[in-house]
Each structure stands twice: as C-alpha cells, then as structure tokens.
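All remarks here apply to the structure that follows.
Read-outs throughout are calculated quantities, based only on the coordinates presented, and are distinct from any laboratory measurement. Bear in mind the structure is a predicted one, so any value in this text is a computation, not a measurement. Note that we place each Cβ from the backbone using ideal geometry, even for glycine, and neighbour counts take in every protein chain shown.
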C-alpha cells in the first residue's frame, strides 16, 4: 500500500497563499500526473510529499501514517528532479549507490541492487563511466536508477523529461510507463506538458492557482470536463468556445468533432463560413474557419479544402458542451440544458 492523503494542506510563502486547505487522495499504485500552468502549486505539492518544502499547516499521510513531521530520508519516497541532480565526479555506479552507502547498506547488497536496477533501466554496461560521457537520456536513467535502488513506496518526479529533446522525450515516456507497469508502485509525476499527462497518467490532477480544477482519468478529463478551464487547458488545438449573445453563458466543441462540408449536413449545429487559414501537418490538417464574427479551429484527417473556400461547419449535439456564467459545466441532466441548447 502506498496511498497518499492530504488533509487541509495550506502552504504560504510570506503573505502569499499557494495552497489553501487542500484535500486530496492519491491512489495506491496509480500513475498520477499533476498538471497545470506555472505557479499553480503542483511542484509545491510534490515537495510537500517529499518533505523538502513542508506545508505551513495540515497533514500528509502515507498508508494512513502521518508523515507530516518526518524528515525526507524517513519518508520512504524517492524523487527524480528536472536537472537529474547527479554527481559529475562520480561514476554511474557510485551515483546509484550513493544513498545506499549513506544508509550503511552492506557492499554485497549494494552491488546486487545496483546490478539489478541498472539492467532494468538499460545502463548496466555503463557503470564505470562518468556522467559527462553520457547522453541526456542516459543521465536521466541514472537518476531513475538511484531512486529505484531505495525500493521506495512512492516515486516523485518533477518534470524529469523537460531537458530532453522531443524524440527522446517520446521514448522515455514509453519507458516510464513500462517501468510503472513493472514496479506497480505509486508514481506522482509533475509536468506542464499535457501530452505527457494524457499519455502517461492513469489519473490526472489539473490545478490552477492552488485549486484542483478536476481529478479524473485522461479520458474523463478530456471528454467530460467539469469546467471551462479544464475544457480549454486540455486539448490541442484547444476547445472552441463561443458565447451566447449578451450572455456569460457559452458553448464549446473540440476541433476534431467539427465536420466540414460543401453543402449543409444533417447536423444539430450548422454554420456557413470561410476558411481563413490552413495548416497541413502530415496526418492531419488544421483549418481556421470564420463565421458570424466567430473563429473556430477544425482538426481534420482530410486535406480537402483550400484557404478562402466557403464551407459548412457541422457539429453533433452530443459533442457540444455548455458552460454557465460561473464557467461550470451545464450537463444534460441540468434543467437549464435544454433551454440553452434550443438557442443554438
């Protein structure tokens, strides 16, 4: 068991409140990704778990045990940082076993653990090399191995792939998913990259200004957002949002849910517009269509239309989401839903 529970967590820096009485549970064995814009509190929360940035008030529980007052070394968690935090003067083996030596683990056991873990992360043939001779991906594996040899209950990762190039990030994402599947340990991963969040997480916690906007699986958070912030933060291009005339209430639909046709289609929502931009991206094409003072993005697998073409925009009712004046979702079971839908 490695469930993490936050109880009324508040964090202040001077007079600035970063987190205010936050309550949250992270499920045992999950790959939980915390995502949100810079300054939203996600890294602060990670550091609170690690004990390297203690909360101002509130409690943190690991497996039901209050660890709020425990020093980092006593918490049975391991953290992988953005900058790897490996020692350049030590060999790969010395870096991996550094924490084991500090904990007085016998030499034979250290060597067994280093050999086992280094093989798992694919650096078993590099143990005598210095980090300066290795690539960014290999150095990241050292940081992972050093965390793994501690056999922690929880792995904490603070944007560990952000310093890697795009191609390497993709392969390392796959490796981390496979690592989680193999270890069955609780992973808590912080990122600002929604592709990482959606592809890696079994559970996503979306934060903004210290407040949890939504906690759900990637599928739910994408297809069934609770509020306007979630709907627009997740997805690229972001969800199209249009306000009803003279109202704070709005409706939205994702770019890939829009159908472009030369003639009006049998869709709940149909508008005639003009393609003002076109981006051909290989497997898909992004169109910007303007109509009645609105501009919407359309993601299509078809490279059919040209810029300045007159087209019809069509969206099925099930793909249109409503948001009220407080930017909260109006779902079909809400008594307000039908009235606003009729205005379309």
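Quick notes
- Cα long-axis angle, helix 92-102 against the chain (0 to 90 degrees, to the nearest 10): 70
- Binned Cα-Cα distances of the stretch 4-223, short to long, each 5 Å bin given as a whole percent: 1, 7, 15, 19, 19, 16, 12, 7, 3, 1, 0
- Calculation over all alpha carbon pairs of the stretch 56-95 in 5 angstrom steps from 0 returns a P(r) of 5, 17, 18, 17, 14, 12, 10, 6, 0 percent.
- The stretch 70-178 - Rg (one decimal) and Dmax (whole number), Cα, Å: 13.4, 40
- Over all directions, the projected convex hull of the C-alpha atoms in the stretch 25-106 averages 7.5 nm² in area.
- Mean residue ellipticity, 222 nm, helices only, the chain: the sum of -39500 (n - 2.57) across DSSP H runs of n ≥ 4, divided by residue count and rounded to 500, is -7500 deg cm²/dmol.
- Computed Rg/Rh of the stretch 236-282, alpha carbon atoms with Kirkwood Rh: 0.99
- The C-alpha atoms of the chain define a longest principal axis, and helix 166-183 lies at about 60 degrees to it.
- For the stretch 237-342, a Kirkwood hydrodynamic radius built from all Cα pairs, placed in the Stokes-Einstein relation at 25 °C and 0.890 mPa s, yields a translational diffusion coefficient of 170 µm²/s.
- Value of relative contact order over the chain, rounded to a whole percent, pairs C-alpha under 8 Å and six or more apart: 16
- Residues of the stretch 308-326 with amide N under 20 Å of the 7 Å Cα→Cβ point at residue 343: 315-326
- For the chain, the longest principal axis of the alpha carbon atoms and the long axis of helix 107-120 meet at an angle near 20°.
- Highest mean packing first, where packing is the average number of other Cβ atoms within 10 Å per residue, the peptides 195-207, 244-256 line up as 195-207, 244-256.
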